[in-house]
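Here the structure is laid out as structure tokens; the discussion comes afterwards.
The values are calculated or read from the model by the stated rules, or taken from the named source; none is laboratory data. If you're wondering where the values come from, they're calculated on a predicted model, not measured in any experiment. FYI the Cβ positions are ideal-geometry reconstructions off the backbone, even for glycines, and counts take in every protein chain you see. The accessibility values were calculated without ligands, DNA or RNA, using every heavy atom of the protein model including side chains. Shrake-Rupley method; radii C 1.70, N 1.55, O 1.52, S 1.80 Å.
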Amino acid sequence: MTTRAERQAQATAKLQAVCDKFNAAHQVGAAVSVELDSGEVRETVTTSEAQVLSGHSAVIWLDGISGCYDLERVTALKAAKA
């Protein structure tokens with residue numbers, strides 16, 4: 001039987017893996033769309049790497065948007081071809 005602390009550590013490790021995958025694929029400044037609390041979808045860019053917030057959420061900070069957003073609500077946009 002696993003303890004609560006062990007389950008929390010496993011959950012945090014999974015969230016960190018999600019962040020690591022996003023960060024490996026997208027640099028700070030990457031173009032993304034985000035679904036805001038209102039349901040509006042807005043295009044913006046990242047201003048931080050994805051990170052685990054307080055051990056319970058994978059989040060990222062975005063340009064022009066107050067606070068951070070859950071990574072599940074953020075979609076990377078393909079870069080425009082030069």
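Taking trypsin sites (Lys or Arg not before Pro) as candidate sites, keep only those in a DSSP loop with at most 13 other Cβ atoms within 10 Å, then name the longest stretch of the chain containing none of them.
For trypsin sites (Lys or Arg not before Pro) (loop position, at most 13 other Cβ atoms within 10 Å), the longest site-free span of the chain is 1-77.
Using DSSP to define loop residues, name the GluC sites (Glu not before Pro) in the stretch 5-82 whose beta-carbon has at most 10 other beta-carbon atoms within 10 Å.
Values: sites: Glu6, Glu35, Glu40, Glu43, Glu49, Glu72; in loops: Glu40, Glu49.
Counting only loop positions with at most 10 other Cβ atoms within 10 Å, the GluC sites (Glu not before Pro) in the stretch 5-82 are Glu40.
At 1.4 Å probe size, with every protein chain present, just tell me what the per residue accessible area of the stretch 8-67 comes to in Å².
I get 60 Å² per residue for the stretch 8-67.
Could you give log10 I(q)/I(0) at q = 0.19, 0.22, 0.27 Å⁻¹ for the chain, computed by the Debye formula over C-alpha point scatterers of equal weight, without solvent?
The calculated log intensity ratios at q = 0.19, 0.22, 0.27 Å⁻¹ are -0.80, -0.99, -1.31.
Counting only protein heavy atoms and a 1.4 Å probe, tell me what percentage of the chain's accessible area is made up of carbon and sulfur.
Roughly 51 percent of what the probe reaches on the chain is carbon or sulfur.
For the chain, what is the mean residue ellipticity at 222 nm derived from helices alone (per DSSP H run of n ≥ 4: -39500 (n - 2.57); sum divided by total residues; nearest 500 deg cm²/dmol)?
Mean residue ellipticity, 222 nm, calculated: -9500 deg cm²/dmol.
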